[in-house]
Structures are given as C-alpha cells and as structure tokens.
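In what follows, a single structure is set out as structure tokens and then discussed.
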Amino acid sequence: MGHDPAIATSARRRVVITGIGVISSIGTGVAEFTEGLRAGRSGARPITAFDTAGFAHTNACGIPDFVPERWISRLNPGELGRATQLSIASTILALRDARLTPERLRDQRALIAVGTTYGESGELDRIVARQVASGTPAVDKPAAARSASSRLSIDVARELELTQTEAVTIPTACAAGNYAIGYGFDVVAGGEADVALCGGADALLRMTFVTFYRLGTIAPLICQPFDRNRKGILTGEGGAVLVLEDLDAAIARGAHIYAEVLGYGLACDARHPVAPDQEGIARCISQAHSNAGTGPWQVDYICAHGTGTKANDVTEAAAICQVFAGNLPPVSSLKSMLGHAMGAASALAAAGCALALENGFIPPTINHTEADPEIGIDCVPNLARPAELRVVQNNSLAFAGNNAVLILGRFGAGLA
Amino acid sequence: MTAAGRDQRGGLPAAAPVITAWEVYSPLGHGARSHLAGLRAVGSVRPGPSVPDFDVREILGRSGTRAMDRAAGLAVATTRRLLDRVGTAEAPLGGYASEDVGVVLGASDGIKSVMDFLRDTWTRDKPYDVDPSHVPRTLMNFAAGQCAIWHGVRGPNATICGSHATALLTLNYARRLQRNGHAKAAIWGAVEELSADRTAVESARLDGRGGRPPAEGCVMFLLEAASTVAGGRPVAAGGRPAVAQVLAVEFGVWSGPDQIRDALVGCLRRALMRAAVRREEVLAIAPLSWPGWPGSAERAGIADVVGDAPLLTKTADAIGDTGAGSAAFQIVELLAEGAGLGRVGVVTTVDGEGRVGCALLRIY
C-alpha cells in the first residue's frame with residue numbers, strides 16, 4: 001500500500017482469539033450462537049422494547065429474554081443503560097469462555113475497546129419523553145447518569161475491577177465492532193497490552209427504529225440481503241466481545257484458540273454522510289488484505305455487511321466483485337438472521353467468522369427467495385454449507401463513510 | 001526492529017511520533033494566535049463559555065452546512081485552519097496522499113442533536129415525522145466524517161469517546177494508527193459543543209457534586225513520523241519541525257474515590273518508565289483538576305510521582321469544562337508554557353467514570 005509502518009508487519013506478535021462472548025437475538029453464548037448460525041435461525045420477532053403504535057411495520061431482532069442480573073454482579077444493573085449492560089455481559093461471557101478470571105487480568109495490561117452506534121441514546125430518549133409528558137425541562141437524573149456512551153467501555157473495567165486498563169468507546173456507527181477488534185489486534189500485536197477485550201454493543205432503541213423507518217429502509221417482516229425481493233433492514237440489538245491474546249501467551253496457558261486475527265483495514269469514503277461508495281469499500285478491502293498479508297485468492301468466505309437495503313447490497317457486492325474479480329468466494333449476510341445490531345453487528349459477525357473457521361461451515365443468508373440479477377454473488381442461500389475455511393473476511397460499512405474490514409484465519413492453517 | 005530494547009515491554013518505538021502543528025477554536029478566540037493571546041491575557045479578560053462569533057454557516061458558508069451541528073462545524077473549521085497551516089494549493093494535506101492521512105476525532109454524545117431529533121418524535125403528528133437530513137448528526141461519528149468530506153481525507157476515519165480522558169485516548173489511537181502502518185499521518189483532536197441540553201444533562205449527572213461550568217471548543221493536531229533531527233529537534237518527513245514528541249500515553253482504572261491516587265501514581269510511573277524519563281526532566285504538568293475530590297486525588301498522585309513541578313490549570317479555570325476536549329486544551333497549555341525548552345510536559349486526567357490517564361510530551 002506504499003505505507004512505511006513504524007512496526008514491520010513481520011515484527012508483529014501473532015494475535016489469536018481465545019474467548020468469545022455473544023448475546024444475540026438467535027442465542028446467548030458460543031454454543032447457542034453457533035447452533036443458531038448453523039441452523040439459519042431467525043431473530044425476527046415483534047418489538048416489545050417500545051410502543052410501536054402508529055408504525056406500519058413492527059418487527060425487529062430484539063433480545064427480550066436478556067437478563068443483565070444473570071451476568072453483572074458488582075455493579076448495579078439498574079444504574080446501567082442497556083447497551084452498557086450488553087457490553088459488560090458479553091465481556092463476562094467472553095472471559096468465562098476464555099477461562100480467564102478477572103483476578104488473573106487484574107494486574108495485566110489490558111485494552112477494553114467497545115464499538116457502538118447509538119451508545120446510550122436510549123437514556124436521552126427517556127429524558128426527552130419525560131420532559132414532553134410533564135411539560136417541564138426537568139431532567140430524569142438516573143437516566144442522565146446512565147446516558148454517557150463513554151460508560152460502555154469503562155464500566156466493563158469497573159465490573160471486573162481491573163486496574164492497568166485502557167477503556168475506550170469507539171462510536172464509529174455500524175462499523176464500530178470491527179474498529180474495536182482491529183484496535184485490539186494492533187495493541188496486542190504491538191506488545192502494548194497482554195490482552196484485549198474488544199467488540200461492540202447496541203440496544204434495540206425506538207430512536208434507531210424511527211430513524212430507519214423515516215429513511216424508508218425498515219423491512220415489514222424479515223431481512224433478505226442480496227435478494228431481488230429485499231425490502232430493507234430489521235433493527236436489532238446485541239453484544240459481542242472477543243478475547244485477543246498474544247499467541248505465545250495463549251499457548252503457554254493452554255488456551256483454546258478459535259482463530260487468528262491476520263489483520264484489518266480502515267478507509268473513509270470522504271464523499272457522502274450516509275450513502276456507501278464502491279471505491280471506498282474496495283479500497284478498504286485491499287487495505288485489509290495488505291495489512292493481513294493475504295490476497296483475494298486466499299479468502300474462502302466473505303461475511304458481508306449485507307444490510308438488505310438496495311443501496312448497500314448492490315454497492316457492496318460491486319466493490320467485492322471489483323477486488324475479487326475471478327476469485328469470488330461465497331458471500332453471506334448474518335443480518336438475515338440477526339437483523340442489524342448497529343455497532344454490535346460487525347462484532348457479532350466477527351464472532352460468527354471465528355466460529356465458522358473453527359467449526360467448518362459457512363453461515364447462510366436466510367430468507368432467500370430469488371437472486372438479484374444485479375448482484376452476481378453466491379450468497380449461500382438459506383442453508384449453512386460445510387466448508388474447510390482457512391481465511392475469512394468480515395466487512396463493515398458505516399454512515400460517515402467509515403469502512404472497516406477484518407481478516408481472520410484458521411489457526412494452524414499454515415498462513416503465517 | 002531497531003526499536004527493540006525500550007520497546008521490549010511494549011513501549012513506544014525509538015522513533016516516537018511528533019506533533020508538528022495544531023489549531024484551535026475556543027472561547028479565547030479563533031485560531032492558535034488568538035487563543036494563546038487570550039491565555040496570556042487571562043485575568044484581565046473574562047471569556048465566556050462559548051466560542052465567540054462562531055456561527056457554523058457564517059464560518060463555513062451556506063453550502064453543506066444546513067444540517068451541521070456545532071460540534072461538526074467546530075471540527076471542520078479547526079481542521080481547515082490546521083490544513084491551511086501545513087498545506088499548500090498543490091499539497092493540501094501537507095504533502096501526503098489523501099488515503100495516507102487519517103482523521104481521529106474525540107467527541108462526546110451529541111446530546112443536543114439527539115435530543116432535538118427525539119423531541120420531534122414525541123411532539124409531531126407521527127413519531128417518524130422527523131427531518132431525515134437531521135439523521136446523520138445524531139451519530140457520534142458525524143463530525144469526523146464531515147472533516148473527511150470537507151477536506152478530502154480518505155485514510156482511516158475514527159471517532160473516540162471516553163469522558164474527560166477522550167483526547168488522551170484519541171492521541172493514543174492516532175499514535176497507533178501511524179505506528180501500525182494504517183496511516184502515515186493523522187489529523188487528530190477533540191471537540192465539545194455547548195448547548196442548553198448538554199448543560200442540563202451534565203448538571204443532572206453531577207447531581208449537586210461540584211464541577212466546572214460547561215464550555216466548548218475544538219483543538220486539532222497533526223501527528224506524523226519523525227524522520228530526522230535538526231538542531232536537537234525532531235523533524236517530520238515534510239520538513240516540519242516538531243512542536244512536541246509523544247513519549248508515552250498511559251491509562252488506568254479506579255473503582256472508588258480512594259483508589260484514584262494510587263491509580264494515577266501507577267499510571268504516571270508506567271509512563272515515565274516506558275519513556276525512560278526521569279522525574280527531574282518534567283517541566284510542568286497540566287492536570288484536568290476537576291473541582292472537589294477528583295482534583296485533590298489527582299494533585300496528590302502527581303505530587304507522589306513528580307514532586308512539586310508547576311501545575312497548569314489556567315485554560316480550564318478561565319474557560320470552564322470543555323468535556324471531551326479537555327485534555328486537548330491541557331496539551332495546548334503545556335505547549336504554550338514549554339515552547340522551545342526541549343523539556344518534558346505531562347498531561348493528566350481523572351475522569352468521573354473511572355479512568356485515569358496521562359501523556360508525556362517532549363516540548364520543542
């Protein structure tokens with residue numbers, strides 16, 4: 001790419017995923033989530049998180065049975081916004097999965113990086129709703145205390161009582177999960193932290209629903225990425241956190257290794273505040289390949305951003321085709337199952353990619369009825385496909401032209 | 001790697017990156033010159049909490065600004081000043097290709113934009129009877145994206161959030177982008193806007209605990225690699241001399257007020273060790289200095305590690321609480337105080353949520 005990095009990529013430490021924590025509309029924890037992806041389960045259901053009176057469409061991929069008290073013990077869940085609850089709970093699941101205790105992490109150098117789109121905007125909605133209802137400017141104090149999106153990261157550290165931790169919230173909208181995981185990769189690869197707990201969290205919010213409804217992009221019932229009959233997105237929620245460690249340290253403690261993080265790329269369209277741009281996406285994919293030391297011919301599967309809107313799917317598929325030319329691997333969208341969990345979306349997808357590598361299958365694009373002739377890709381329609389994957393690519397695109405692409409590899413596949 | 005040795009424990013590489021330019025909009029004025037003059041005059045002048053005469057559409061023009069909030073306007077305008085300082089007509093990004101430059105902006109929740117949008121959902125005929133042009137600014141990454149669009153910066157574009165530690169977290173993100181080859185240079189900084197909604201929400205958050213009155217402003221810096229040294233001062237690739245070199249950025253966490261002091265002591269000690277700086281080399285410290293117990297604990301932690309070096313708090317004392325922008329203004333005050341000396345300045349922060357942080361800068 002013509003870059004002259006201060007750290008040669010060959011001098012980086014190798015970084016592996018040793019824990020996965022997922023709270024999603026198709027299952028909580030690695031086992032349920034994996035089974036959901038393999039079975040092509042749909043998280044779509046009627047919205048119960050807020051009143052949908054007046055809306056023609058009322059489905060979303062919420063998690064009505066998420067009980068924060070099940071996971072959060074030190075902090076009071078009532079004093080936390082829902083996105084923060086999801087962030088903490090996902091991290092706790094990830095640490096348990098990695099067989100790492102908070103005590104063990106306490107004196108280690110750690111990065112906590114949590115991506116989000118709307119953060120705790122839901123608490124601002126509580127404040128506004130009460131102001132409008134009461135006709136006074138009085139601010140709901142508990143909601144105000146919960147309303148800072150900066151808490152998505154620091155409250156994880158406080159729940160775990162960590163000390164040498166850098167806790168950062170990365171609000172780069174719908175690519176935020178990949179940003180956070182990429183950041184964790186750089187920090188561990190560069191030897192600046194022993195462990196990174198990184199991913200994304202977003203709650204199902206009335207604000208999000210209103211926004212996408214107004215933009216005319218909410219699907220009536222289901223999400224159908226890459227389908228000729230696609231009708232838009234379903235909003236969703238969730239949390240996904242990965243534990244990243246240096247390979248040598250992971251081996252030394254006998255950790256289970258799901259996959260290796262090979263690299264990532266970031267690029268900005270610098271064109272339009274909301275419309276995706278083929279050139280920006282293609283450039284981001286190439287940056288990721290360059291950073292990971294892979295080429296398009298090595299990628300066995302692409303987990304697409306795949307929102308199910310006209311604008312996204314055609315543009316993203318064109319960018320993929322531009323980069324991959326004659327080497328086009330299967331491309332599926334987890335959003336067909338999970339809806340669009342905003343800042344959590346690419347973190348959930350990264351978790352899905354790691355599990356696909358580990359378990360040898362490609363998650364399907366469900367709800368598929370008819371291929372869109374404008375989109376010349378194999379979207380793995382409706383049924384998961386067994387596949388020995390070596391390298392997978394996780395795309396994410398966001399408003400503000402914030403693109404982030406992550407590359408994972410099967411550990412021990414002889415790539416490094 | 002030639003950076004081995006000091007880098008062994010994950011420290012900064014021997015060739016730590018440098019800050020070669022900065023610009024600002026603040027309650028003290030438009031641009032670095034006005035801000036520094038205002039800082040010198042503090043005591044005889046009494047600035048308000050807002051950037052004076054800053055109307056987004058007057059400053060940036062009427063095209064493309066109709067739905068721009070104040071934070072984005074401040075960030076775009078400050079970035080324009082920064083690029084005017086380092087760029088030319090032929091090389092608008094200071095000699096770098098557009099895809100080689102990143103934008104990293106520290107920001108807080110856009111409280112006013114979000115609440116304005118939400119008010120429409122509750123007060124109009126239908127909940128979705130909102131203005132779609134108001135959607136982009138409800139997202140926290142809007143301002144960084146606007147900086148990229150307005151100034152044609154196509155490298156990595158990131159937004160960073162972390163209460164009063166935001167600007168230090170942003171500096172660390174920018175440093176790592178450059179260090180890890182994602183960008184050759186980074187335009188980074190932090191912004192905060194003043195609004196009645198932010199004032200009301202932050203006041204409710206404090207719930208009677210002391211604080212500074214809310215204020216606003218934006219600082220943007222250019223961070224790049226040092227390629228040579230001239231006259232004892234690092235110089236970046238394009239020939240721009242360093243105004244500061246980033247020696248270390250460190251963070252820690254406290255869970256209760258009684259842990260703040262120790263958390264900051266540990267953080268400062270790690271930073272000094274990583275940068276191989278002795279406490280005697282420290283010229284001055286710019287702390288957040290939040291009123292009440294957080295500031296007291298911060299001062300105690302500083303005294304434990306670096307003794308009685310001067311504490312610089314003039315900016316916040318004069319302007320107020322610039323929120324996400326705080327540590328960026330602290331850096332500017334250090335740069336103003338230590339210019340030309342080649343000594344080490346320290347920025348510290350203790351936010352109200354649990355973070356402590358510090359940065360060590362060698363100031364030229």
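The values are calculated or read from the model by the stated rules, or taken from the named source; none is laboratory data. Model, not experiment: these values are computed from the prediction. Please note: Cβ atoms are built from the backbone with ideal geometry, for glycine as well, and neighbour counts cover all protein chains shown. Just the protein is used for accessible areas: all its heavy atoms, side chains included, with ligands, DNA and RNA removed. Shrake-Rupley method; radii C 1.70, N 1.55, O 1.52, S 1.80 Å.
Brief remarks follow.
- Tally, over region B:315-354, of residues that are touching a helix residue (DSSP H, G or I) at 6+ places or on another chain (Cβ under 6 Å) and either open to solvent by 10 Å² or more (accessible area, probe 1.4 Å) or farther than 12 Å from B:GLU298 by Cβ (or both): 13
- Restricting attention to region A:75-95 and to residues that are crowded, with 24+ Cβ neighbours inside 10 Å and of a type outside the set (A, V, I, L, M, F, W, C), the residue that is nearest to A:LEU160 (Cα to Cα) turns out to be A:THR91.
- Comparison of B:GLY152, B:GLY110, B:GLY94, B:GLY106 shows that the only residue that is at positive phi and more than 7 Å from chain A (Cβ to nearest Cβ) is B:GLY94.
- Some residue of region A:12-24 being open to solvent by 10 Å² or more (accessible area, probe 1.4 Å), of a type in the set (S, T, N, Q) and either out of contact with any Gly (no Cβ under 9 Å at 6 or more places or on another chain) or in contact (Cβ under 8 Å) with a residue 40 or more places away in the chain (or both): no
- Here A:ILE88 does not qualify as facing another protein chain (nearest Cβ under 7 Å) and either under 24 Å from the mean Cα position of the chain (by Cα) or under 23 Å from A:TRP71 (Cα atoms) (or both).
- Candidates B:ASP84, B:ASP116, B:ASP120 - the one that is in contact with an Asp or Glu (Cβ under 9 Å, 6 or more places away or on another chain), under 25 Å from B:ALA183 (Cβ atoms) and more than 7 Å from chain A (Cβ to nearest Cβ): B:ASP84
- Scan of region A:239-249 for residues that are buried (at least 24 other Cβ atoms within 10 Å of the Cβ) and either within 12 Å of chain B (Cβ to nearest Cβ) or within 15 Å of A:ALA354 (Cβ to Cβ) (or both), ordered by number: A:ALA240, A:VAL241, A:LEU242, A:VAL243, A:LEU244, A:GLU245
- Unique match (being assigned to a helix (DSSP H, G or I), among the acidic types (Asp, Glu) and closer than 29 Å to A:PRO363 by Cα) among A:GLU123, A:GLU35: A:GLU35
- Verdict on B:ALA230 being within 25 Å of B:TRP22 (Cβ to Cβ) and more than 14 Å from every other protein chain (Cβ to nearest Cβ): yes
- Among the residues of region B:42-69, those identified as surrounded by 13 or more Cβ atoms within 10 Å (Cβ to Cβ) and more than 16 Å from B:ALA215 (Cβ to Cβ) are B:VAL56, B:ARG57, B:ILE59, B:LEU60, B:GLY64, B:THR65, B:ALA67, B:MET68, B:ASP69.
- Count - residues of region A:55-65 that are open to solvent by 20 Å² or more (accessible area, probe 1.4 Å) and within 22 Å of the chain's Cα centre (by Cα): 3
- Positions within region A:354-392 being open to solvent by less than 10 Å² (accessible area, probe 1.4 Å) and part of a helix (DSSP H, G or I), in sequence order: A:ALA354, A:LEU355, A:ALA356, A:LEU357
- Among the residues examined, B:ILE363 does not qualify as closer than 22 Å to B:PRO49 by Cα and in contact (Cβ under 8 Å) with a residue 60 or more places away in the chain.
- Remark: B:ILE363 falls outside the filter, which requires a residue to be open to solvent by less than 10 Å² (accessible area, probe 1.4 Å), away from chain A (no Cβ under 14 Å) and touching a Phe, Trp or Tyr at 6+ places or on another chain (Cβ under 9 Å).
- All conditions but one from (1) away from chain A (no Cβ under 14 Å); (2) at positive phi apply to B:GLY208; the one that does not is (1).
- Checklist (1) surrounded by fewer than 21 Cβ atoms within 10 Å (Cβ to Cβ); (2) closer than 25 Å to B:PHE54 by Cα applied to B:THR123, failing item: (2)
- Set A:SER147, A:SER134: member being open to solvent by less than 20 Å² (accessible area, probe 1.4 Å) and either touching a residue at least 24 places away in the same chain (Cβ under 8 Å) or over 27 Å from A:LEU355 (Cα atoms) (or both): A:SER147
- Verdict on A:VAL274 being out of contact with any Cys (no Cβ under 7 Å at 6 or more places or on another chain), more than 14 Å from chain B (Cβ to nearest Cβ), closer than 25 Å to A:THR211 by Cα and open to solvent by 20 Å² or more (accessible area, probe 1.4 Å): no
- Taking the criterion of being part of a helix (DSSP H, G or I) and out of contact with any Asp or Glu (no Cβ under 8 Å at 6 or more places or on another chain), the residues of region A:132-154 that qualify are A:VAL132, A:ALA133, A:SER134, A:SER153.
- Apart from one condition, B:ARG70 fits all of (1) within 14 Å of another protein chain (Cβ to nearest Cβ); (2) at pLDDT 95 or above; the exception is (1).
- Filter result for A:PRO225 (assigned to a loop (DSSP other than H, G, I, E, B), modelled with pLDDT of 95 or more and more than 17 Å from A:THR365 (Cα to Cα)): no
- Residue in region B:70-78 that is among the charged types (D, E, K, R) and surrounded by fewer than 18 Cβ atoms within 10 Å (Cβ to Cβ) present: no
- Residue within region A:280-299 that is more than 20 Å from the chain's Cα centre (by Cα) and among the charged types (D, E, K, R) present: yes
- The lone exception for B:PRO213 - which of (1) in contact with a strand residue (DSSP E or B) (Cβ under 6 Å, 6 or more places away or on another chain); (2) surrounded by fewer than 17 Cβ atoms within 10 Å (Cβ to Cβ) it fails: (1)
- In region B:160-250, counting only strands (runs of 3 or more DSSP E) that sit wholly within it, the ones holding 3 or more residues that are at pLDDT 95 or above and touching a helix residue (DSSP H, G or I) at 6+ places or on another chain (Cβ under 9 Å) span B:185-192, B:217-224.
- Meets criteria (closer than 22 Å to A:THR307 by Cα and within 14 Å of chain B (Cβ to nearest Cβ)) for A:THR58: yes
- Counting the residues of region B:233-272 that are without any contact (Cβ under 8 Å) to a residue 40 or more places away in the chain and within 14 Å of chain A (Cβ to nearest Cβ) gives 7.
- Out of A:GLY236, A:GLY199, one residue alone is crowded, with 24+ Cβ neighbours inside 10 Å and touching a Cys at 6+ places or on another chain (Cβ under 6 Å). It is A:GLY236.
- Breaking point among (1) part of a helix (DSSP H, G or I); (2) buried (at least 24 other Cβ atoms within 10 Å of the Cβ); (3) in contact (Cβ under 8 Å) with a residue 24 or more places away in the chain; (4) facing chain B (nearest Cβ under 9 Å), for A:ASP186: (3)
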